[in-house]
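The values are calculated or read from the model by the stated rules, or taken from the named source; none is laboratory data. All of these numbers come straight from a predicted model, not from anything done at the bench. Cβ: placed from backbone, ideal geometry, glycine included. Neighbour counts: every protein chain shown.
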Amino acid sequence: MATPIPLPDLGVTTTEMRLGKWLKAEGDTIARGDVLAEIEADKAVMELESFAAGTLLKRMAEEGAEISTGDVLAWIGAPGEAVPE
């Protein structure tokens, strides 16, 4: 079953951030701990690490999008596996 990768609570005072840059493309093989994207808060750029291994099935946000804690940013699973909309 595909695993959602949400924006975690990164320990900053805001719950709204911006998706800076994707570092992995759909179809890439992902290992636990791989950096998927850069997340920009008011005063810092942080790395979003994967806690799941598999294939990056779908990216759910575009670069530059405003995102909130808990938003699903990506789905990781087996190649060809369906993901919820």
Residues satisfying the stated conditions in segment 34-57, i.e. among the aliphatic types (A, V, I, L, M) and in contact (Cβ under 8 Å) with a residue 24 or more places away in the chain
Leu36, Ala37, Ile39, Ala41, Ala44, Val45, Met46, Leu48, Ala52, Leu56, Leu57
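Collect the residues in segment 43-68 that are small (Gly, Ala, Ser) and within 16 Å of Glu16 (Cα to Cα), keeping them in residue-number order.
At the first step, the residues of segment 43-68 found to be small (Gly, Ala, Ser) are 44, 50, 52-54, 61, 64-65, 68.
Ala44, Ala61, Gly64, Ala65, Ser68 - these are the residues of segment 43-68 that are small (Gly, Ala, Ser) and within 16 Å of Glu16 (Cα to Cα).
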Could you identify the single residue in Leu73, Leu48, Leu7 that is in contact with an Asp or Glu (Cβ under 7 Å, 6 or more places away or on another chain), surrounded by 13 or more Cβ atoms within 10 Å (Cβ to Cβ) and at negative phi?
Leu7
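I want to confirm something. Restricting to segment 23-45 and keeping residues that are small (Gly, Ala, Ser) and surrounded by 12 or more Cβ atoms within 10 Å (Cβ to Cβ), which single residue is nearest to the chain's Cα centre (by Cα)?
Ala37
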With criteria (1) at pLDDT 95 or above; (2) more than 12 Å from the chain's Cα centre (by Cα), Leu57 comes up short on (2)
